[in-house]
Every structure is written in structure tokens, then in C-alpha cells.
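Asks: Dropping the structure in here first, questions after.
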Amino acid sequence: MNFRIQTKLLVYILSTSLFIYILAFGYLGYNDHNLAINEAKHLTDTYSEKYANYIMMNLNGDMDVARTLVQSFTNYEWVYENNLQEQYYQILKTVLQNNPQFHNAALNFELSAINKNYKNPYGRLRYILYKANGIINERTDTLEILGDNVGSAYYDMKINPREDMSEPYMFSPSGTEEDLVLVSSLSIPIMKGEKYVGLLQFDVNLERFNEMINQLKPYPGSFGFLVSNKGRFVAIPEEKYLNKSIDSLSPKDNINFKIIENIQKGKSFSYTMIDSTKTRNYISFSPISIGKEDARWSLGTSVPLDIMIEKADKNLLFSAIVAIMGFLILTLVIWSISRGISRPLIFTSKIIEDLAKGKISLHQKMEITSNDEISDIRSSVNSLIDGLDNNLKFALQIGKGNLEFEFKPLSNEDLLGKALIDMRLSLKQADIEEIKRKEEDEKLNWATKGAARFAELMTQYTDNLEEFSYAIISNLVKYMDANQAGLFIINDSQKNNVTIDLAASYAYDRRKFLEKKINLGVGLVGRCINEAETIYMTDFPDDYLNITSGLGGAAPRSLILVPIIFNQQVFGVIEMASIHNLEEYQKSFVERIGESIASTISNVKINQQTARLLEESKIQSEELVAQEEEMRQNMEEMKATQEELEQKASDAKSILNAINSVALVAEFNMQGKLIDINKDFLILLDKSKEEMLGKFQGSFASVHDEETEEFRKFWNDLRKGKVKKTIQNIEVNGNDIWLSEAYTPIIDKNGVAYKVLNFSVDITTARIGE
């Protein structure tokens, strides 16, 4: 009999465990296998995206160089009036010398733009610089004087001006096959307002991407390739496919997976295909957007699928071995346990079988007729039945939601009873936490909906500050369930008389047309602006607002004044009175809305200022036309002045050249990234230009973090046109070097800083002497 019970325990438990083991291992093994393959595909996609971003940065860097030149060529009228056309050759020649990736350059001007007496809508003047045998040659052509060459690339750009990157083509500087290279033409139109006046073109060497493509190998046997907008191979390890079309090499794949179509749409996509060697390959494409018009190329990565699956198969085999060993250990443990408990089960087998099946009833209690060990076992079983019955009743009541049902553990050692009590406490606590969570969710949803609502409002009034102010303040009163509010904006149109104006007010569901000006520092509004912090008041006399509040005429329970701040500048104050006390999440919401209001007010003021400046510019232009006759009479004097200006220009150029030869000079964009650096600076840093370009200002200093508040303030000042000076310590090859630096913003014609020049002087000797 002992053997039969023990055998049953072994069979039941082991068969169940084996079944669960098989299911679990099969499920986990299958998932792990697929997960390994998906991780490999994700890694391939990540590699492809990383290298695509790097290539995109290089191509857009070329586009930025051309775009910067185009901005300088928009003053062509002044250049031609002063016969300074030779400067164009010098500029383009300098660009070709400093940018080896550019083979040729072509600058085109419409004759009607540079010659006021030329009235035909066709004809152009072309300046060409091209490299041959290491020498930059120059040539000037006059083209299409009899009419536009319809169908040409230039004519297409003329009627549809845009930034463009042409399809790749083979080019030879010497005209022979010995030095053929793959290039693409980069084109940016020169516009005067909305009028097309010319075109700047560079032939860009594409073979520089071959080395980068050869490094793109996330797995053995994988390779990368660069594809143009129309599906031509720009870079690929097998050179025989260069400048060949995907459609001609793999027409079936192009149709099935819409390769060229997806490239032109700028999509990231992938697919699995079988190549000519019957090898399955996973192909991943990452888009490359070039220029403002988003001429789209793509970087592809091909990985043999068998390499990906090989790692997954190894993981599956290892999991199988571990599962088998685990099952063997489990079998030994179960056998030992079943043998130890089989004897006591003989005396209570029927009762235990019923209890094991979940049959719990007080009728199962056994009669105790002796005082031996069997009676002890039966007594214990009877106690167990009592406890299980009590626990069952308690669990049923808990299941019905009756958390107050009376329940007592069998003893202080009744772990199950204590666990059930703890479960009830946990359920009670869960109910409390659920109520709190719902309240927090309601507050969060309220704030989120409000933010979205006001964000939409702020996009509707970008040119009318008065209507914008009313729309914001009226909706804020309604959304906050307040009874009145006002929006005060700092009026600094007169620098000597800065006031705080009531831009809009709303009370008791009506718009209030009030005019009110407050001097800086006066009242609660002035205090709020000076301190740039929220003021919240609940304890004040009934007539307190009538005396010191900017709203007046109300005696609410609470008053809140929130400064509206953008870029650390206070633009005004939201003042709102409510008959309710405001909670913290409501205060935070008003402060959050205040930041968005300040940003919008800043933009509206900028738009209004721009419109005013444009109107002033128009008036000045009309005045200049009226003065044309007077200027014509002073031509002789202007001629002498012109000669003097030319001399000054020559002197300025000499000064710049001298500075560049004796000082350390670098250029940064307005995000603080390095875009150019002179040779002396590179020698000092012991770096190549490629290593430095794109780095943040000060990133080669001994201590630097572009995420610090100091770094952001430094660049915010530069964006405002302020000149910054600093002393910087850098470490080069273990040596400390001290630099005295001056950062000067370069302002465009609209008065906006578009780049920063850095002039540095090595003061290491002086610092060491100190």
C-alpha cells in the first residue's frame, strides 16, 4: 500500500511537471528564438540609421556651405554697381580650396538681374571654377541669350526654384577614364524676395562615402550601400554596381517591396529576400533627407539571415540542456518528498483525497477513539478541516466584497489565517489607493485637457495681441470656474516710460473694456513682476482688492497672481480672483499656462515689430527713390567716397587675413556647434578639422557640460547679439593651455545672429608666469 501511494505521488506530480515543463520550454524557447532574431534585426536597423544620420550630416554640411554662400551673393546689385565681380571668383576659389569634396563650382546670374538695361526674361552669365591637374581654373560664359533652353536642368530650377541634389553621375577632371569619379550636383537658387535671379552649383565627390560604407558591418557577411533618390547605387563594396539602378539589377524586389517608391517617400523600411546564391538576407533601409526641400536618399544594410538565426539556435540549445537538468533534479526532489510523507497519508488517505480535490465539509471530521499517534493525526486533520472551512467562508465573503466579515485565526501560529487578514487589509488599502489614483487622474486629465485647449487658442491669435489677451483670459476664467481675471502686459514701447497695461479683463461671464496702467513696482501686480514669483492670498479683508488689486470691485476668497515668463524674461502678470480656494494642481496649471502665454506674447511682439520695421523700410525706400536725383548730382563726390570705401574694404580684408594668420579663429552655429576652424587653432589642439566639426563650444575644455545653466545663458546672450569674453583652460596631450577668448555674434540683414566668430589668443605663458 505504501508503494502504491508513493507511486501515485511520483506519477501525478512528475507527469504534471513534465507537461508544464514542455509547454513552458516550448513557449519560452520559441519566444527566445524570435526575440534573438528581432534583436538582430533591430541592431541592423540601428546601425543603418546611425550611418544614415552621419552621411546626412555630411551632405547637409555641404548644403550649408552652399546656402551660406548664396546668402552672401544676394548683394549682387551692389557688387556689380561697384565692379567687384572678381570677388566671386575669389570666394568660390577659397571654398574649393577649403572643401576638397567640391570638384567644380558654377555661379549663374540672370542678365536681367545684373544689368538694368537688359529687358529679356532669358540669358544668363555663368562663372565657372573647375579643378584640373591640381589647379583651379576660371571661366566666364554668357549663355541662352537667344532664349531659355527648355528641358535643361537650369531651366527646371529657374521655373521651380528649390534646393536640390542631383542623381549621381561619372565625372573626369581631365576628360579621361583614368580619373573618373562619382559626383552629384548640389544646387541652391539665388532669390531676391520671391524673384529668381541666379543659381549656385557645386559638384560633390561621392566616393568619400565608400570607406564609411565598408565599416558598416553589424554581422559577419553583412555590407552597406548608399542609394540615390531614383535608386542608383552611390556607394557599395562591389564597385561594378556603382551608378547602377536597383530597378535594373533587382526589378522583382523593387516591384514587390516598392524600394524606389519608399526611398522617395523618405521611409524607413525592411524586407527579407533570397539572393542569387540562394542565401536569405535581411535588408534594412534608413532615409537620408538632404536640404530644405528634403531630397531623399537612403542607406541600406544587408545581413545574411542565417547569421542572425545561428545565435538564436545556440540560445535554444542551451535552454534545452538547462531544462532537462532541471527536470532531473525536480524528479529526485519529488521522489524524496513523496517517500517521506507516504506513511502518514495511509491513515487519512480518503480525507486527504477529498481535501486535495477541494471538498471541504464539517461532515468530514473524524471521530477520535484512542490516544495514540493515529488520534493525534486525526485530531490534526479535524483541526485542518475546521480551519479550511473557516477560511473558505471568509474567502467567499471577501469574494463578495464583504471586507468587514469577522474572521479569527486558529492561533498565533496560523500563517494562513494571518495571510488572509493581511489580504483583507491589502484589499482595503487598495480601495483607498484606487480612490486617490482616480482623483489624481482626474486632476491630470483636467490639466492636460486645459493645456491642449489653451495651446489651440494660442495658435489662433498670433498677430492681434488684444484679441489674444481676451481669448486667453476669458477662457481661463471659465475653465478655472473663477469669477474674474485680468491679463497685465509690460508695455516697453517707450524705454523711458515702461508701464504695466491691462491688456484684457473678464468678470462674471462678460468682457470688461477697462483701461488701466500701473507703474513698475506698484501694487500686487508690480510686486509679482519684480519678484517673478507666484503670489497666492486667501486671508485678506473684504475691501483689500479694491485698494491694492489690479482688478478691483470684488471680494473673493482667493487671489492668485502669476508672472508670465519666457526665457527668464517677465512679460506680464495673470491676476485671477475666485470664490473658491485654489488647490496646488490648479495653481500649477495657471503657472504652466503663463509660460505658454509669455512665449506667444513674445512671438506676437516680434511679429508686430517686424511688421513695423517692414513698413518703416518701405517708407525709407520711397524716400530713397525721391532722393535719387540728388544722389545723381553728387556722383562726383560719391566717386571719391567709393574709392575711399574700396581702400577701407581692402584694409578690412587685410586686417581679417592678418587676424586669421596670428590669432586662433573658429566659427560656431547658433546651437553652439563648431562649423569652421582655422589651421593655427587645429595645430594648437593637435586635431584634424573632421574631428572638431560638429562639437559643442568648449567641449575640448578641461571641464565642460553643454547641459549646464551657465552654458545655456552664455549662448542665450550670444543669440541676443551680446559679445562674450572668457578665459578657457584646455588639455592637449597632457599639457594645460590657457586661451583668452572673445565670442562675437555675426548679424544678418534682419538683425538676427546667424553664427558666432571666436577669436582666441594663447596666454599660457602669461598664466604660467603668474
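The values are calculated or read from the model by the stated rules, or taken from the named source; none is laboratory data. Here the structure is a predicted model, which means the values were calculated and not measured. Virtual Cβ from ideal backbone geometry, glycine too; neighbours counted across all protein chains shown. SASA here: full protein model, heavy atoms, side chains in, ligands and nucleic acids out. Shrake-Rupley method; radii C 1.70, N 1.55, O 1.52, S 1.80 Å.
Asks: Right, residue 544: modelled with pLDDT under 85, open to solvent by less than 70 Å² (accessible area, probe 1.4 Å) and out of contact with any Pro (no Cβ under 8 Å at 6 or more places or on another chain) or not?
Replies: On the way: modelled with pLDDT under 85: yes; open to solvent by less than 70 Å² (accessible area, probe 1.4 Å): yes; out of contact with any Pro (no Cβ under 8 Å at 6 or more places or on another chain): yes.
So residue 544 fits the description; yes.
Asks: Does any residue in segment 569-598 that is closer than 15 Å to residue 458 by Cα come within less than 9 Å, Cβ to Cβ, of a residue that is assigned to a loop (DSSP other than H, G, I, E, B) and open to solvent by less than 60 Å² (accessible area, probe 1.4 Å) six or more places away or on a different chain, and which pairs are these?
Replies: So the pair list comes out as 590/534; 590/582; 594/534.
Asks: Looking only at segment 249-277, count every residue that is polar (S, T, N, Q), within 12 Å of residue 287 (Cβ to Cβ) and not in a loop (DSSP other than H, G, I, E, B) and tell me the total. If you could, list the steps in order and put the result at the bottom.
Replies: Kept after step one, since they are polar (S, T, N, Q), are these residues of segment 249-277: 250, 254, 256, 262, 264, 268, 270, 272, 276-277.
From the residues that got through so far, the ones that are within 12 Å of residue 287 (Cβ to Cβ) too are 262, 264, 268.
In the following step, the residues that additionally are not in a loop (DSSP other than H, G, I, E, B) were identified as 262, 264.
Going through segment 249-277 one residue at a time, the tally reaches 2.
Asks: A further question follows. Of the residues 549, 558, which single one is within 21 Å of residue 483 (Cβ to Cβ), modelled with pLDDT under 85 and buried (at least 17 other Cβ atoms within 10 Å of the Cβ)? Spell out the reasoning first.
Replies: Details: 558 fails: modelled with pLDDT under 85.
After applying the criteria, what remains is 549.
Asks: Turning to a different aspect of this structure: State yes or no: is residue 457 assigned to a helix (DSSP H, G or I) and under 18 Å from residue 398 (Cα atoms)?
Replies: Numbers: assigned to a helix (DSSP H, G or I): yes; under 18 Å from residue 398 (Cα atoms): no.
The answer is no for residue 457.
Asks: Of (1) closer than 30 Å to residue 71 by Cβ; (2) surrounded by 21 or more Cβ atoms within 10 Å (Cβ to Cβ), residue 213 satisfies all except one. Which?
Replies: (1)
Asks: Kindly indicate the residue of segment 515-525 that is in a helix (DSSP H, G or I) and over 38 Å from the mean Cα position of the chain (by Cα) and also surrounded by the fewest Cβ atoms within 10 Å (Cβ to Cβ) among those meeting that condition.
Replies: In this case the residue turns out to be 523.
Asks: Return yes when residue 79 is buried (at least 17 other Cβ atoms within 10 Å of the Cβ) and more than 40 Å from the chain's Cα centre (by Cα) and no when it is not. Don't jump to the end; show me each part of the working.
Replies: Numbers: buried (at least 17 other Cβ atoms within 10 Å of the Cβ): yes; more than 40 Å from the chain's Cα centre (by Cα): yes.
Against the criterion (buried (at least 17 other Cβ atoms within 10 Å of the Cβ) and more than 40 Å from the chain's Cα centre (by Cα)), residue 79 qualifies.
Asks: Next up: Restricting attention to segment 729-760, which residues are part of a strand (DSSP E or B), open to solvent by 60 Å² or more (accessible area, probe 1.4 Å), within 30 Å of residue 609 (Cα to Cα) and free of Cβ contacts under 8 Å to residues at least 60 places away in the same chain?
Replies: 747
Asks: Of the residues that sit in segment 229-254 and are over 34 Å from the mean Cα position of the chain (by Cα) and more than 18 Å from residue 209 (Cα to Cα), which one is most open to solvent (accessible area, probe 1.4 Å)?
Replies: Taking the candidates together, the pick is 252.
Asks: Looking at segment 99-125, which of its residues are within 41 Å of the chain's Cα centre (by Cα) and either under 13 Å from residue 173 (Cα atoms) or among the basic types (Lys, Arg) (or both)?
Replies: Scanning segment 99-125 gives 102, 103, 104, 105.
Asks: For residue 424, are the conditions met, namely being open to solvent by less than 100 Å² (accessible area, probe 1.4 Å), basic (Lys, Arg) and either under 30 Å from residue 607 (Cα atoms) or modelled with pLDDT under 75 (or both)?
Replies: Values: open to solvent by less than 100 Å² (accessible area, probe 1.4 Å): yes; basic (Lys, Arg): yes; either under 30 Å from residue 607 (Cα atoms) or modelled with pLDDT under 75 (or both): no.
For residue 424, the condition - open to solvent by less than 100 Å² (accessible area, probe 1.4 Å), basic (Lys, Arg) and either under 30 Å from residue 607 (Cα atoms) or modelled with pLDDT under 75 (or both) - is not met.
Asks: Of the residues 50, 41, which single one is touching a helix residue (DSSP H, G or I) at 6+ places or on another chain (Cβ under 9 Å) and of a type outside the set (Gly, Ala, Ser)? Step through it out loud before you land on a result.
Replies: Numbers: 50 fails: touching a helix residue (DSSP H, G or I) at 6+ places or on another chain (Cβ under 9 Å).
Going through 50, 41 in turn, the sole match is 41.
Asks: Now a separate question. Could you list, in sequence order, the residues of segment 257-274 that are more than 15 Å from residue 41 (Cβ to Cβ) and either surrounded by fewer than 15 Cβ atoms within 10 Å (Cβ to Cβ) or in contact (Cβ under 8 Å) with a residue 40 or more places away in the chain (or both)?
Replies: 261, 265, 267, 274, listed by residue number.
Asks: When you scan segment 609-624, how many residues do you find that are open to solvent by less than 100 Å² (accessible area, probe 1.4 Å) and closer than 20 Å to residue 752 by Cα?
Replies: Total satisfying the criteria: 7.
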